[in-house]
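The values are calculated or read from the model by the stated rules, or taken from the named source; none is laboratory data. The structure presented is a predicted model; accordingly, all values stated were derived computationally and were not measured. Counting neighbours? That spans all protein chains shown, and the Cβs are built from the backbone with ideal geometry, glycine included.
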Amino acid sequence: MITELGHFALILAFLVAIVQSVVPLIGAHKRWPGWMAMAEPAANAQFLLTGFSFAALTYAFVTSDFSLKLVTLNSHSLKPMIYKISGVWGNHEGSMLLWVLILTLFGAMAAWFGGNLPPTLKARVLAVQSSVSVAFFAFILFTSNPFERLAVPPFDGQDLNPLLQDPGLAFHPPFLYLGYVGLSMAFSFAVAALIEGRVDAAWGRWVRPWTLAAWLFLTIGIGLGSWWAYYELGWGGFWFWDPVENASLMPWLIAAALLHSAIVVEKREALKSWTILLAIMAFGFSLIGTFIVRSGVLTSVHAFANDPERGVFILMILGFFMGGALILFAARAQSMEAKGVFGVVSRESALVFNNLLLAVSCLVVFIGTIWPLVAELLWDRKLSVGPPFFNMAFTPFFIVLGAALPLGAMMPWKRGGFAKAFRPLRGVFILSVALAALGFAMQTGRSALGPLGLFLGAWLVFGSMVDIFSRTGRGAFKTRMRRLIRLPGADWGKAVAHGGLGITMFGIAGLLAWETEDIRVLQTGESLELSGYTLTLEDVRRVQGPNYVSTMGSVLLEKDGKVISTLNPEKRFYPVAEMPTTEAAIDIGFWRDVYVVIGDPQDNGGWAIRTYYKPLANWIWGGSILMALGGLLSLGDRRYRVAAGARKTDQPTAGVPAE
C-alpha cells in the first residue's frame, strides 16, 4: 500500500511541476501577482510529494519488500541496514528519484529563501527550475519507474553490487547529486535573467551562493569518490580518469569558473555574457555526466545503466534545455552590455585568465572522455584514452593556474601592476623555491614532479596567508590580528580554499613522484622490505561476514624493529551476487600510507601480496576538505546568502530594463 502511495505521490508531483512551469511564467509576463505567487506553494508541494515518494521507496528497501522489482534486484535480507538504505540510490531508478528529490529541494529552497528577489525574477526562476523537474519526472515515470511490482515475488533478493557496499560510496552519490543538481539553480537564474532582459550586480550576488553550494557539494562528492576508489578498488590509485570520474570533474571546473566570473559581475558589472554562458554550461555538463553514466555509451566501473532508450531520453533533455538556453542567450546577447572597464593588468583580467584556464581544462577532459565514442561513430575504430593523455594535456593548465592564483588574488580592481602585486609575495616565492630546491636535492634519480608540486603547494598556501593578512591594513600586529578575526567569511573562504588546492596539488605530485611498490609471493612467516618498513605475512584465515566470506591476511608492519600495526587485507566473496571484492589494508599516517593488498593463493602454498608506500596520500583528501571548508566559510558570509544585498528591490536596478 505504501509503495502505491509513493508511486501516486510521484505522479502528483509531476502534475504540480507542469503547472508550476507554466503559470508563474505567464504571470511574470502579464504582471499578474496571483499567478506569480502560485510558484511558491507549488514548489513546496513538489518537494513534499517527492519526499514522500522517496520515503516510500526507502521503506520498501528497509523492510525488504521483494514484491518490488527494484528491491529484488538491489537488496537482500542479510544485508546490513546501512546498505539497505544506501541501496535505495545504489541503482539507476532509485538514484534518479534521489536526483529529482534534490531538484525539488533546491526549488523549494529558492521559494523559502528568495523573499528579497524581485517578484518577476523569482517567479521565472521557480518556473524554469520546475521545467527541469518536469523533464526528469517524465524520465522516471516513463522509462525508469522505481515502483514496478513483480507478479511473483521471490523469497530473497539478488543483493546490491558488492563494490557499492561501502560507507564511502554510501554517502558519495548524495553529495555528488547535491552538486550536480545544485547547478540547476544557476541555470534557472541565468535563463530567468535572459527572459527578463536584466543581468546586473544584484543578479551576480544572487547567483553566487547557489553556485557556491553546488561547488561545495561537488567537492565533497568528488573527494569521497576518490577516497573510495583509493581504498576499495585495491588498485592503489586515487584517480583513474574513468569516464564517470571525468563526468563529475567537468561541472566542478565550470562551476569554479562561474564562481570567479560572478565576482566580476557583482563588483564591476563586466563579463555578463560570459557568466551567463558559464551558468548554462555548468548545468549542461551535469546533464552530460548524467548521459555518460546512464546511457551505456561509455563503459565504467561506476556506471548505473546500459540502456540506449534511457540514453536517448537524457540526450533529448540535454538538447532541449541547452539548445533552448543557448538560443535565448544568442537572442539576448546585445542586452548584456558590460559597464565596468578594466586594464590588462587588474583583478578582473586575472579572473578572466583564471576562467580561461578552467574552461580549457574542462574542454580537455571533455574531449578525452568523449573521443572514443566519436572515433567509433565516425571511423568505426575502438580507441581508449587513458591517464597518459589526461596527465599530459590537463596537468599543464593546472600548474599555470596554481602559479597564477596568489598573484591574481593580490591584484587591485580596475588597474594595477605586476611589481606592486608581487612585492608582498617575494618572501613567499623565495621560500617556495627554497623548499622545491630542498625536495629536489633530497630525492635521487627521480622526476621533477615532486619538487614542482612542493613549490606550487607552498606558493598557494603561504600566498593565501599573505593575501588574507594584507586585508587587515596597517597598524600594530595585535590590531591587525583583531581585524583578521573580523574579516568577512568570503575572504576567509577564499584563502582556505586556495590553500586547500595547494595542499591537494602537493599531495598528488608527491604521491606520483615518490611512491614505491612491491609485488611478490609470500609464504606464511616470510617478510619483505618496503621504503624502510618491514612487512611480515603472519597468517591467512577464512572469516565469515554478514553476507560475504572473507580471506583475511594478517600482516605485521614494523620499522627499525618496532611494531607499528597489524594490517588485515581481505579478499571477499559475496555468494548472492557471485562477485569478489578487494579490501585493502592501510596504515594511515600524516606523511605516508602503507598500503597492503592480498591476492590469490599460489600453487606453492604462498599468497600474492601487493604493497605500496604512498607518501602524502592523505594530503590529497585533506586539501579537498579544506577546499570544501573554504566554500562553507564563504557560504556563511551574510553578503552572499540568497538574496542578500537585494533588500532595495523597489529601487531601479542597473542593467537593461525588463520587457
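Annotations
To keep it simple, each residue is scored yes or no on (1) under 19 Å from P387 (Cβ atoms); (2) in contact with a His (Cβ under 6 Å, 6 or more places away or on another chain); (3) buried (at least 24 other Cβ atoms within 10 Å of the Cβ).
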{"position": "T211", "(1), (2), (3)": "no, no, yes"}
{"position": "L216", "(1), (2), (3)": "no, no, yes"}
{"position": "I222", "(1), (2), (3)": "yes, no, no"}
{"position": "V244", "(1), (2), (3)": "yes, yes, no"}
{"position": "A247", "(1), (2), (3)": "yes, no, yes"}
{"position": "L271", "(1), (2), (3)": "no, no, yes"}
{"position": "F285", "(1), (2), (3)": "no, no, yes"}
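- Cβ-Cβ distances below 8 Å connect the following pairs, each with a first residue in the stretch 436-461 that is over 14 Å from T395 (Cβ atoms), a second residue that is modelled with pLDDT under 85 and polar (S, T, N, Q), and a separation of six or more residues or different chains: P451/Q443.
- Residue list for the stretch 384-402, restricted to those being among the hydrophobic types (A, V, I, L, M, F, W, C) and in contact with a Phe, Trp or Tyr (Cβ under 7 Å, 6 or more places away or on another chain): V385, F390
- Count - residues of the stretch 158-182 that are in a helix (DSSP H, G or I) and touching a strand residue (DSSP E or B) at 6+ places or on another chain (Cβ under 9 Å): 2
- The selection criterion, being β-branched (V, I, T), surrounded by fewer than 22 Cβ atoms within 10 Å (Cβ to Cβ), within 30 Å of the chain's Cα centre (by Cα) and in a helix (DSSP H, G or I), does not hold for I26.
- Any pair with Cβ under 7 angstrom, 6 or more apart, that starts in the stretch 56-82 at a residue that is surrounded by fewer than 22 Cβ atoms within 10 Å (Cβ to Cβ) and of a type in the set (S, T, Y) and ends at one that is in a helix (DSSP H, G or I) and at pLDDT 85 or above: T58/I85; Y59/I2; S64/V71
- Residue count for the stretch 592-624 satisfying the condition of being modelled with pLDDT of 90 or more and surrounded by fewer than 18 Cβ atoms within 10 Å (Cβ to Cβ): 2.
- Some residue of the stretch 277-289 being over 17 Å from the mean Cα position of the chain (by Cα) and closer than 24 Å to K494 by Cβ: yes
- Of all the criteria given as (1) assigned to a helix (DSSP H, G or I); (2) at pLDDT 85 or above, the one not satisfied by W239 is (1).
- In the stretch 56-86, the residues that are out of contact with any His (no Cβ under 9 Å at 6 or more places or on another chain) and part of a loop (DSSP other than H, G, I, E, B): T63, D65, F66, S67, S75, H76, S77, L78, K79, P80
- In the stretch 533-567, the residue that is farthest from I598 (Cα to Cα) out of those that are at pLDDT below 90 and in contact with a Lys or Arg (Cβ under 6 Å, 6 or more places away or on another chain) is N547.
- Pairs with Cβ under 9 Å, 6+ apart, first in the stretch 6-20 and without any contact (Cβ under 8 Å) to a residue 12 or more places away in the chain and farther than 12 Å from L97 by Cα, second assigned to a helix (DSSP H, G or I) and polar (S, T, N, Q): F8/S53
- Every residue from the stretch 242-265 that is more than 12 Å from T211 (Cβ to Cβ), in a helix (DSSP H, G or I) and not hydrophobic (A, V, I, L, M, F, W, C): P243, E245, N246, S248
- For the stretch 129-147, the criterion of being in contact with a helix residue (DSSP H, G or I) (Cβ under 9 Å, 6 or more places away or on another chain), surrounded by fewer than 22 Cβ atoms within 10 Å (Cβ to Cβ) and part of a loop (DSSP other than H, G, I, E, B) is met by at least one residue.
- For the stretch 187-200, the condition holds for no residue, the condition being that it is surrounded by fewer than 20 Cβ atoms within 10 Å (Cβ to Cβ), in contact (Cβ under 8 Å) with a residue 12 or more places away in the chain and polar (S, T, N, Q).
- Filtering L501, L522 for residues that are surrounded by fewer than 23 Cβ atoms within 10 Å (Cβ to Cβ) and either under 20 Å from W621 (Cβ atoms) or more than 34 Å from the chain's Cα centre (by Cα) (or both) leaves a single hit, L522.
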